[in-house]
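To keep things clear, I will list the structure first and then write my remarks on it.
Throughout, read-outs are computed from the coordinates displayed, never taken from laboratory work. Predicted model only: the values in this text are computed from it and were never measured. In this analysis, Cβ positions are derived from the backbone assuming ideal geometry, glycine residues included, and neighbour counts consider all displayed protein chains.
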Amino acid sequence: MSHQDPAFTAPGRFWRGNLHTHSTRSDGVLSPEEVCRRYKAEGYDFIALTDHFVGLFGYPITDTLPMRDAGFTTILGAELHSGAMANGELWHILAVGLPAGFAPSQTPSFVPVAGQETGPEIAARAVAAGAFVAIAHPQWSGLTLADARSITAAHAVEIYNHGCAMGCDRPDGAAIADLLLTEGRRLTLIATDDAHFSEPDHFGGWVMVKAEANTPEALLAALKAGHFYSTQGPELRDVRIEGDKLIVDCSAAVSVVALGHGTGAKAVHGHSMTRAEVPLERLNNSPWVRAAVIDAAGKRAWSNPIWTGAEGKNPRVAG
Ligand SMILES: [Zn+2]
Ligand SMILES: [Zn+2]
C-alpha cells in the first residue's frame, strides 16, 4: 500500500513564506514596508503580516497590498485575541487570509474581558471569513490539551515558532499537535517566525507552499489543502509511505525520523543522506505518520501527517 504526501504531487512549484509576522501596526519594531523589504531581500516569495488584532492597536489588518510586486506577494492576516485559555490568559490564534474588513473583536488589550468571543468562536469566525487558521505557539501559551482541542475550526498547529525559540526557549508545538492527531484531528503543521524584529526572531522557520502561482489566492488554497511542508532550512523533495516504510527524499541530512501515535517513532541516521527509508514497524500501525528531517547543523524540517487508513494496533492508544 502506498500513500503520498500531497505537497509533492500537487501541481506547481514551492514558494517560501513566513505566515506569522508583526510590524509597527502592533508591537513590532519595523514598518510594514521594511518588514516586507527584508523578507523579500532574504529570498522569501511571500509573507503574511499578522499584527495583533486588539483595540490598543486599532484592530489592524495591515495593508500590505502596496508591497506586492512581480516577485513577492503578501497575504492579509492578523493574530487574533479573544477569550481566556485555561490559565486565564488571552488566546493567540493565527489567521492568514482575512478580509480587510474583518469585524473587530471586543479585545481592548492583552487581558481577557467579560462578554467577548471565546477563542473557539473567533477562530471559527476567521475560518468562515476565508482564513487559514493555526493554533499559535502552544508551548509559549501554556496551552492545555483541552484548550487546543477546543479550537475545532483550526487547520494547523505551529510546530515551531522561531520567536518563541529565541525569546524564551519555548518553540514547540509538536506535543500538542501529536496528541490532537492521535484523537483523529486532521491538522497540518506550520513553522513560523513570529518576527517582531525586537530580538533575533526572524528568518528562522518558514513554510514551503506548493502552488501553481505566487498569488494570495493560490497560496491560501494550497495551505488549506495541506500542500506544504515546514522547515528551518532542510529541503524536502518527496515524502511517501510504501508498504512498511516511510521514504523521504531531502537535502543532505543526518537523521530522518518517522513519527506516529503514542510512543511510535523510528529514526534512521547517516551521513549526508538525501534519501532515507524508515521502517514503520515501531510505529504501532499508527493511523498517521509524519516525517522530521535533521541536518548536520541541527536544522529541522517537518512534513505534514500522512493519513494511512490504519486502525492503530497499540492497545494503549486504540479505543
Ligand atoms: Zn502570539
Ligand atoms: Zn505573534
CD proxy at 222 nm, helix term only [per DSSP H run n ≥ 4: -39500 (n - 2.57); per residue of the chain; nearest 500]: -4500 deg cm²/dmol
Residue among THR50, ALA103, ALA134 farthest towards the positive dipole end of the chain, charges placed on Cβ: ALA134
Reduced Cα scattering model of segment 178-319, Debye log10 I(q)/I(0), q = 0.09, 0.14, 0.20 Å⁻¹: -0.29, -0.70, -1.22
Among ALA252, ALA114, ALA218, residue whose mean-square fluctuation peaks in a GNM of the chain (springs only between Cα atoms under 10 Å): ALA114
Residues with amide H under 5 Å from that of ILE190, placed H, sequence gap 5 or more: VAL157, GLU158, ILE159, TYR160
Nearest 10 degrees, 0 to 90: helix 32-41 Cα axis against the chain principal axis: 30
Over the chain, relative contact order from alpha-carbon pairs under 8 Å, at least 6 apart, %: 16
The chain: antiparallel DSSP beta bridges as a percent of all, rounded to 5: 75
Angle between the chain longest axis and helix 119-128 axis [Cα atoms, degrees, rounded to 10]: 90
Amide H within-cut-off set for GLY83, under 5 Å, with H built and near neighbours excluded: TRP91, VAL113
Cα-based radius of gyration of the chain once divided by 2.2 N^0.38 Å, which approximates compact folds: 0.96
Cα-based Lys proximity count in the chain, under 19 Å, for pairs eight or more positions apart or on separate chains: 6
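Set the Förster radius R0 to 30 Å, insert the Cβ-Cβ distance between GLN106 and ALA41 as r into 1/(1 + (r/R0)^6), and round the FRET efficiency to 0.05.
The calculated FRET efficiency here is 0.20.
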Gain on full stretching of the segment that runs from GLU33 to ASP238 - 0.36 nm per residue minus C-alpha separation: 70.3 nm
Gain upon complete extension [HIS271, SER2; 0.36 nm per residue less C-alpha separation]: 94.2 nm
Gained length - THR9 relative to ALA213, 0.36 nm times residue gap less alpha-carbon distance: 71.9 nm
Phi-based couplings in Hz for segment 57-66 (Karplus 6.51, -1.76, 1.60; Gly and Pro marked x): 10, x, 6, x, 10, 4, 7, 10, 4, x
Intensity falloff of segment 83-240 expressed as log10 I(q)/I(0), Debye formula with alpha-carbon point scatterers, at q = 0.13, 0.16, 0.21 Å⁻¹: -0.62, -0.96, -1.57
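Using Cα-Cα distances under 8 Å and only pairs 6 or more residues apart, what relative contact order does segment 186-319 have, in percent?
21
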